[in-house]
Amino acid sequence: MEELRRRCFDCLGEALQRGTVLPGELEETVWDYYRKTAPSLQEFYSRYTPEWEVFYEHEQLLPSDFLDFLYRMQAAFRKRYSLAELDGGYELAERKVIMFLPQDSEISDLPFLTLKVTPRNLHFTEKLNHRDYLGSIMGLGIKRDKVGDILLYDNCAYIFCMKSIAEYLTDNLLKIRNTYVTVTEISNEEFIYEPSYEVIKGSVASLRLDAVIALGFNGSRSHITSYIIDGKVSVNGRIITSNAYNLKAGDIISVRGLGKIRYMDTLSETKKGRIMITINKYT
């Protein structure tokens, strides 16, 4: 923030020397510039590159590192901004919108909404998957940052997207593969989603990430290790690359290519020291 103030004063210093602006007016100009350039909205974990230069001039961050970046920079943001609650449209959302607001303001309305995609004729509907819907959306020239989660539920799909592209999708998303569809905007009240899951109970040697994933997806720890090392595993939205990461009750684990599980709780401990746990595996 101080660096930004310095830049502003340098930029307007000549005008001050000429006496064309008063110091008080300059101060207001500085803060006006700051409000316009400081981060105000994040679109589904995208980054407004120019704004981050204020805080990180020499570090390049991958999109997957964005939450870690926020964690490290929370002190800087708190000097002027408050971080609003993450929201992706429903509890288990993986892609979420983040809003930064001046400390004396409130969120009046979230900048995204929900679209419902329905086949025009159920008798001639293919079995469509997430990739089919996402591919059709990307085929319209939509950037990935504009789209949140896509949920497939009861022969329909629900797409969370930024309001700026909602009308375009409604008018132009006409077909998914060979299935003709209708896209309509729905309210939060109309969106009803009850995730289905399988309850898995079993024992693990520890609450390490690799051990719990191996139980949840019925695989070996050595096989799961490659997913973790390759950055395909996230816990509560943060990518974790350490096998030894210890989980806490309620943690949601997503494994790209395998699915999503939630470590619910510890049930007991066996005489041999193994831990009995419960996992919800989402289907």
- prompt: Given D87, D132, D145, D109, which one is of a type in the set (D, E), modelled with pLDDT of 90 or more and under 29 Å from S187 (Cα atoms)?
  reply: D132
message: With hydroxyl-bearing (S, T, Y) and either part of a loop (DSSP other than H, G, I, E, B) or free of Cβ contacts under 8 Å to residues at least 60 places away in the same chain (or both) as the only criterion, which of S234, S203, S242 stands out?
response: S242
field: Set I261, I239, I213: member being under 30 Å from G148 (Cβ atoms) and either among the small types (G, A, S) or in contact with a Ser or Thr (Cβ under 6 Å, 6 or more places away or on another chain) (or both)
entry: I239
All positions within the stretch 141-160 that are surrounded by 14 or more Cβ atoms within 10 Å (Cβ to Cβ) and part of a loop (DSSP other than H, G, I, E, B): I142
query: How about the stretch 185-207: which of its residues are under 23 Å from L92 (Cβ atoms) and modelled with pLDDT of 90 or more?
result: E185, I186, Y197, E198, V199, I200, K201, G202, V204, L207
task: Quickly run through the stretch 247-283 and pick out the residues that are in a strand (DSSP E or B) and either of a type in the set (D, E, K, R) or loosely packed, with under 12 Cβ neighbours inside 10 Å (or both).
output: K260, R262, D265, S268, E269, K281
message: Taking the conditions exactly as written (over 23 Å from V199 (Cα atoms) and not aliphatic (A, V, I, L, M)), does K271 satisfy them or not?
response: yes
field: Selection count, the stretch 173-191, where residues are closer than 23 Å to H123 by Cα and within 25 Å of the chain's Cα centre (by Cα)
entry: 4
message: Which numbered condition in (1) in a strand (DSSP E or B); (2) under 23 Å from G89 (Cα atoms); (3) not acidic (D, E) is the only one that T170 fails?
response: (1)
message: Looking only at the stretch 161-191, count every residue that is surrounded by fewer than 11 Cβ atoms within 10 Å (Cβ to Cβ) and among the aliphatic types (A, V, I, L, M) and tell me the total.
response: 0
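The values are calculated or read from the model by the stated rules, or taken from the named source; none is laboratory data. Only a predicted model underlies this, so the values are computations on that prediction, with no experimental measurement involved. When we count neighbours, we look across all protein chains shown, and the Cβ atoms used for this are built from the backbone with ideal geometry, even at glycine.
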